[in-house]
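Student: Sending over a structure as structure tokens; questions will come in a sec.
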Amino acid sequence: MQSLKRQKNKLLTGMRYIVIIGCGKTGKNLAHEFSREENVVVVDKSLKSLDSLGDDFNGKKIWSDALDINTLDKAEVKDADAVYVLTGNDNLNLVVGKVVKIKYGTKKVIISVNDVMKKKIFKEEGLTIVNRTYLIVEVLKKCISS
Amino acid sequence: MYIVIAGAGRLGLVLAKKLKEDKHQVCIIDRNELLCNKLAGELKGIIVICGDATYPDILKEAKIEKADVCVSSASSDEDNIIVCHLAKELFGVKRTVARVNDPKHIPLYKYMKVDNPVDSTSIIARVVEEEASFSDVMSLLSIKKGRLSIVRVDIPEDSSVANKPLKDISLPKNSVLVSVLRGPDIIIPYGSTVILPGDEVIAATLIDAEKELIRTLIGKI
């Protein structure tokens, strides 16, 4: 039912459905950005982190463990246009990212991984991996290039 | 065999010592430096490596590509999954075994193709349940991840199978009586063997048939 409603809604409004797992600084800011124009669901196992989204956040919040497959079902990952896994735990991000890809075949799975070696290995397995340190270094380099 | 164990907690250590006793080559990895230094002095003939086993270079240091089995016994499920995944995909280890801490996480172990996820919590819960329930039935052994189980059943006075020869008892499909223990005697049963009240019966059964078998033998559950 929900799924049908969502697809109908998607067709009518053109809004994409985005799942964000991990409501730290990055997840929170991304959720706020997206929630202005898209349907957003945020998953975190800490209630405090979800509360930090504030009252004006108009997306859905799910307070649960992302390593539990029921949580991913509850977040309706199968309908998602994109899934972001942005917890502070590299290994958790990798596992959840891979499982989302394998189980639901989501096209866009973006995960944050800080270790360079792991990034290299899992990039070859079809995940989009963002490395914070690498990004900052690139920006810092550009600061003096122009 | 050469076995690499990730995580030198209680489970990892007991396992390492046991495998060493059985003349296997063992390497244990833990990220706690103090613990590793202590273990390096204590564990004779076991290689101790200090580092995070979810990093490929640490696994390489443990020569995991030569391992026959990789066991991950950490208390964090995501770490166990990554260790087994790297061991398999990156280093070609044939058999990976991992401890599952939260039974809810089992599907993830399966999706990530860990060969043998061992659900420690459920196993302990089942043992405790059996011990606490004082039942006439005891699980002796479970084989093939619990699909086949060997059980011991005490035949009560009012059992519907008591005083009947085996050939007149219809046991559920996929179950078989292996032996009858009567006082000091061990009887290998044939069709003519009569089951008496007070006998202890050892039976092998597929897990799906276990409840029905027990119901047939003792008439309850």
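The values are calculated or read from the model by the stated rules, or taken from the named source; none is laboratory data. In this text, all values refer to a predicted model and were calculated from it rather than measured experimentally. FYI the Cβ positions are ideal-geometry reconstructions off the backbone, even for glycines, and counts take in every protein chain you see.
Student: State which residue is surrounded by the fewest Cβ atoms within 10 Å (Cβ to Cβ) when the search covers only the range A:111-131 and only residues that are out of contact with any strand residue (DSSP E or B) (no Cβ under 8 Å at 6 or more places or on another chain) and in a helix (DSSP H, G or I).
Tutor: Looking at residues that are out of contact with any strand residue (DSSP E or B) (no Cβ under 8 Å at 6 or more places or on another chain) and in a helix (DSSP H, G or I), I get A:VAL116.
Student: Out of all the residues in the range B:41-57, which are within 26 Å of B:LEU90 (Cβ to Cβ) and part of a helix (DSSP H, G or I)? First the steps, then the outcome.
Tutor: Within the range B:41-57, the subset within 26 Å of B:LEU90 (Cβ to Cβ) is B:46-57.
Listed by number, the residues that qualify are B:PRO56, B:ASP57.
Student: When you scan the range A:1-72 for helices (runs of 4 or more DSSP H) that lie fully inside it, which ones turn up with 1 or more residues that are among the charged types (D, E, K, R) and crowded, with 20+ Cβ neighbours inside 10 Å?
Tutor: Answer list for the range A:1-72: A:25-35.
Student: Among the listed residues A:TYR134, A:TYR84, which satisfies the condition of being more than 14 Å from chain B (Cβ to nearest Cβ), aromatic (Phe, Trp, Tyr) and surrounded by fewer than 16 Cβ atoms within 10 Å (Cβ to Cβ)?
Tutor: Details: A:TYR84 fails: surrounded by fewer than 16 Cβ atoms within 10 Å (Cβ to Cβ).
That would be A:TYR134, the only listed residue that is more than 14 Å from chain B (Cβ to nearest Cβ), aromatic (Phe, Trp, Tyr) and surrounded by fewer than 16 Cβ atoms within 10 Å (Cβ to Cβ).
Student: Residues in the range B:45-52: is at least one modelled with pLDDT of 95 or more, closer than 23 Å to A:ASP115 by Cβ and within 11 Å of chain A (Cβ to nearest Cβ)?
Tutor: yes
Student: Also, quick follow-up: What are the residue pairs meeting all of these: first residue in the range A:1-27, first residue under 15 Å from A:VAL41 (Cα atoms), second residue at pLDDT below 75 and not basic (Lys, Arg), Cβ atoms under 9 Å, and 6 or more apart or on different chains?
Tutor: A:MET15/A:ASN9; A:TYR17/A:ASN9
Student: Have a look at A:ASP79, A:ASP68, A:ASP55 and point out the one that is within 10 Å of chain B (Cβ to nearest Cβ) and either touching a residue at least 40 places away in the same chain (Cβ under 8 Å) or on the phi < 0 side of the Ramachandran plot (or both).
Tutor: Numbers: A:ASP79 fails: within 10 Å of chain B (Cβ to nearest Cβ); A:ASP55 fails: within 10 Å of chain B (Cβ to nearest Cβ).
Every option except A:ASP68 fails the conditions.
Student: Consider the range B:1-35. How many of its residues are in a loop (DSSP other than H, G, I, E, B) and farther than 24 Å from B:LYS94 by Cβ?
Tutor: 3
Student: Across the range B:119-169, what is the total count of residues that are surrounded by 13 or more Cβ atoms within 10 Å (Cβ to Cβ), touching a residue at least 40 places away in the same chain (Cβ under 8 Å) and among the basic types (Lys, Arg)?
Tutor: Summing the residues that are surrounded by 13 or more Cβ atoms within 10 Å (Cβ to Cβ), touching a residue at least 40 places away in the same chain (Cβ under 8 Å) and among the basic types (Lys, Arg) in the range B:119-169 gives 1.
Student: Just a yes or no: is a residue in the range B:61-81 touching a Pro at 6+ places or on another chain (Cβ under 6 Å), more than 7 Å from chain A (Cβ to nearest Cβ) and under 17 Å from B:GLY12 (Cβ atoms)?
Tutor: Going through the range B:61-81, the residues touching a Pro at 6+ places or on another chain (Cβ under 6 Å) turn out to be none.
No, the conditions are met nowhere in the range B:61-81.
Student: Pairs under 7 Å by beta carbon, first residue not assigned by TED's automatic domain parsing to the domain that holds B:CYS84 in the range B:6-31, partner surrounded by 20 or more Cβ atoms within 10 Å (Cβ to Cβ), six or more apart or different chains?
Tutor: Between residues of the range B:6-31 that are not assigned by TED's automatic domain parsing to the domain that holds B:CYS84 and residues that are surrounded by 20 or more Cβ atoms within 10 Å (Cβ to Cβ), there is no close pair.
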